[in-house]
Every structure is written in C-alpha cells, then in structure tokens.
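This report refers to the structure that appears directly beneath it.
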Amino acid sequence: MKRSSSNSGTSSSTVTPESVGLSGYPVQIVSVGDEHSFQLEEQNLRAILNKNGVKNKPVVIVSVAGAFRKGKSFLLNFFIRYLNYVMQSENHSDYGWLDDESMALGGFSWRGGAERETTGILMWSEPFLMRTEGGEEVAVLLLDTQGAFDNKSTVKECATIFALSTMLSSIQVYNLHSNIQENDLQHLQLFTEYGKLATSDVSDVKPFQSLLFLVRDWSYPYDYEYGIEGGNQLLGTFLELSPTQHEELQLLREHIRSCFETIDCYLMPHPGLGVATNPRFDGRLSDVEVLFKEHLAQLVPQLLNQENLIIKEISGNKVTAQDLVEYFKVYMEIFKGDTLPEPKSLVRATAEANNLVALTTAKSLYTSKMESTCGGDKPYLNTEQLKEAHKIFKQQSVEAFHSVKKIGGAEFSSSYLEELEHAIDEAWENYSSANDAKSILRTMRTPITLFSCFVICYLMSGLFAVLGISALVSLLNAMLLISLVLLATWGYCRHSGELREVGTKIDEFAQLVWDLALSGPIQKISDATFSQMTGLSAGAPTANISTHTDLTSGSRITVAGSQDSGLRQRKVPSTLGTVSGS
C-alpha cells in the first residue's frame, strides 16, 4: 500500500504524520488519469478495509467535499488529531484534545496557496475503532476529496468526485466559504437529483444519510451567531419553501430535503489573518484565533464523539468494511463511461445489486432444502409428499426474498421475483423427474434380482426334491420365501414412499446379489434374445448388427451396417444415464 504523493512547496508539507505522533498516512484509493478518467486503487482499498479486526466491523465514513483551496484537508487533520487523542486517552475521553498548542498539524497533505493539493479521493490508512453510544464497535474512516471547480478539472470530474463522496459517506461535510450561495445549492442538486428520482420508487427511504453545510470564515455573527444553532437558522432561510418562489427554486429545495435523512449547518469563524497570510504556517494552534479554536472544540466532537457517530447504511442494511470494497467497485464501474451517467443509473445499480443478492439467497435456500429432501443420493419420495415439500420450500424462498430490504420498491423488485419463481419452477421439474426416475427406472434391478432369485430357488427346489435331497429343498424353500417377502416389502416401500430406509437396504442387498451372481448370465440372455428379435429376413440386404444391453441403466446401442446404404449408427435414447455400446 503506497502513500499518496503531495504537491509540496511550503513548510507545511514537511509536517509528516510520524513527526506529530500519528501512525497512519493518506492513501490514494481513487486516482485521476491523464484523460480525466478515474481508476479505483483496489489493492490500496483492500489493504485498509480487509485488515483483521476491521473487515467485519460496521463503518462510519466521514468525508469532506467542496470547492478547491477552501481548507478541507486542513479541517480533516483536526478530525485525525481528535480521533487519535481519543484512542490513546484513558476511557476514550476527548477532554483536552486541543491543549497542546505547540504541536504542528499533520495528516492529509495540506498547504496554503492558490494551487490545488488533493487529487482524486484519499483515505486515512488506519481506521479508528470506536464504540457508539449503544456499545457497538465501529471503524471510523476519513475521506479527503479533490476540490471542485479548479482550472484543471472537468465538470464531469468534479461531479464524479462529489457524487462518489456523497454516495459512500455516512456523514458528508459540504465545505463552503463565507456564506451559502444559490449556486452552492445548484451544485448540490446536480449530485442529488437521482435521490429525488429514487424517492418515487422507495417510499420514505432517502438515498443519503447526513449532510452538514460547513460555512467557513463566517463574517456575519450579528445576523446568525457562530455554531450549529446559528447555522441551522441560516440554513432554514435558504431551504425554506415559499409560495412566491419560482418553481425552479422550490424544486431545488425539495430535491435537497428529499435526499438526506438529516441536514445541518455550522458557522465557523475565520482562523485569523496570521493563518491566511503566513506561508510558513504549519497548523500550530498558537497561531490561530481563540474564537476559531473554541468552535473547533465544539464542531469536531459534534461529528465524531460516540454519541454522534453515524453508521453507514445502504437500503437499511449496515455496511461493513469489506462490504465497502464491493460498493466502491460497483460505483466506479458506473463512472467509467465516456459521459456522466444519468442520476437514475446510480440508484439502479445499487437496486440491482440488492435484488440480485436477495434472489441468489432465496434460490440457494430452495435448492438446499430440496437437495436435503430428494437430492441425488436420496431414495424415492411419494409424489404428493414431494409436491407438498416443494410448495412449502417455494413459499419460504419467496418470503426470504421479500425479507431483504431492497432499493427500488416493489415494482422494481417484481421482475426479480418473477425470475425467482421461474427458476424455482424449473428446478422443481428437474427434481420431480429425478424423483420419478428413482421410482420407475433406477431401481429396476432390484425387482429383477429378487424375482430371479425366487424363480431360481423354485426350480432348484423342485430338482432337489426329485433327487431326494431334502436338506437343500428346505434351504431353497426358505430362500424362496425370503425373496418373496423382500420383493413384496420393496414394492410397498417404493409405491407408498414410506419405510424409505428399509427400501434402501433392500436395494443394497439386491445390488450385491446382482453383482455377484446374476448380472453376467442375465446380460448374455438379454443380448441373445435381442439379436434373435432383430435378425434380418432372408433376401433382405445383409447387415451387421451389434448390440449391447445394460440392464442397470435400461439402455441399448444398435449399430447396423448395410451393403446398400453404408455404415449407419443409431442411438436409442435413455433417461437413465450413460449408454454404452459397441
């Protein structure tokens, strides 16, 4: 796993994570190619998310997105400092996490200036294991994103980065400068449009979780005070719906409200001119205005303390670290096209993945239950009992499909439900046919063997009675009676579908007798009889006929050669298995 490179050029770039006591480092997980194409660095992503102790944990994903050169990476490094402090402190307390004002700020690469610093999407290499207020252990992941609307990025590039960030995060911080502008809402609408389309299919389910408008360098505290309360008052005025508003403005606000479960706003003061104008500023809090530090101490815990952690969910299901890899892959495939996809296609991809998982799980449930009831190694089961089992297992599979929470609603899932029912009906035909074969064809050797034993014992008993050997007569009569009882018992088992274990034991005994004594003679008699029945009448064109009959499978191959028509070969179909011939 490689560290991401940074565009160094100021003293702040010399502040490495190790120099400030951090064990992790930024890792590139989505990179931007020369042609403004995106590439998922899957190996890097798996190295972070598939770690032991992390991969099965639910994730909390905090991402900061917005315009370039507005302090996103700078802010994220305070998130890292907070989480690192909490992890190392007793009882995971956050008390005093900003006390050391002489410590430089390390973490994601950041610097002052006008040129962009971050490209693509970066993830901090070390997930922070925290416990929620309910006691559940989660892995907190931090994402740093490429700034939007610089002079090197296309519109598609900006939209893609922001959309990926919003789709994959449980807490999306929308980083703004000075105020909330109408164009900020319009940019947000571009990335949440498909959320509005999805709500028409998914009732009250919203596609995104938490959105925080973070207004930096707020300059009007006399109108709305710094912090979350003043921020929400400001946000309320911007998202307020009024009958006098133009329809376009109303739709924009309805879109935003319909796409996020919670929306808040925080107003941050300016960190001070010493920060903005000093090219050697390295993040030490001693150089930062007191008011900024006070609100930093409020903002970060409001996002990251155990009472406020928000677990990432998709369609109501918690996402684990290893699940997140698959969602990254699915979403990246969507954005690999030449044009930005329709917003609906993003929701559709997730909906299809949800429904396919539900369909596969339901099909597997039906197959496993049918295999345990009438699979290849199971004896014959009464037809009515098998039909009843099929109905029960089909209903259970349909219920299992419905029980999985899915994006897309009932109308979208209906085609997958039809596919499930069709697949089950096809599987039922196969299981039913296989079960019938066990009753009629596969077990033909058992009645032949037992009846042959009966006939042989009867004939031999009569012969030894004429010769006066009474001891052998008695033995043969006993064997005759046993054969008759076994034949009658076997017939009852196979006809009724009951006493299946007894029927299986009789089959095993008959197979042993067949292999040891009867298969050879009966095979020869069958071949000779068939040859006589297929003999050609005098005067007909001469032909060479060779046959081989296998009574264990009930199959026959006939190869006939005619002087008139040449060599021809014909195979007599059989439903019993492999056909052998000569």
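The values are calculated or read from the model by the stated rules, or taken from the named source; none is laboratory data. In this text, all values refer to a predicted model and were calculated from it rather than measured experimentally. As a convention, Cβ positions derive from the backbone with ideal geometry for all residues, glycine included, and neighbour counts pool all protein chains shown. Heads up: the accessible areas ignore ligands, DNA and RNA and are worked out on the full protein's heavy atoms, side chains in. Shrake-Rupley method; radii C 1.70, N 1.55, O 1.52, S 1.80 Å.
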Cβ-based net charge around SER102, under 12 Å, with every Lys or Arg adding one and every Asp or Glu removing one: -4
What GluC sites (Glu not before Pro) in the range 227-320 are in a loop by DSSP, with at most 11 other Cβ atoms within 10 Å of the Cβ? GLU240, GLU307
Would you work out if the range 194-327 is rounded, prolate or oblate? Take a ≥ b ≥ c from the square roots of the eigenvalues of the alpha-carbon gyration tensor; rounded if a/c is under 1.5, else prolate when a/b is larger than b/c, oblate otherwise. oblate
With a 1.4 Å probe and every protein chain left in place, work out the accessible area per residue of the range 218-374 in Å², rounded to a whole number. 50 Å²
What figure in square angstrom, to the nearest 10, would you give for the accessible area of LYS405 with a 1.4 Å probe? 120 Å²
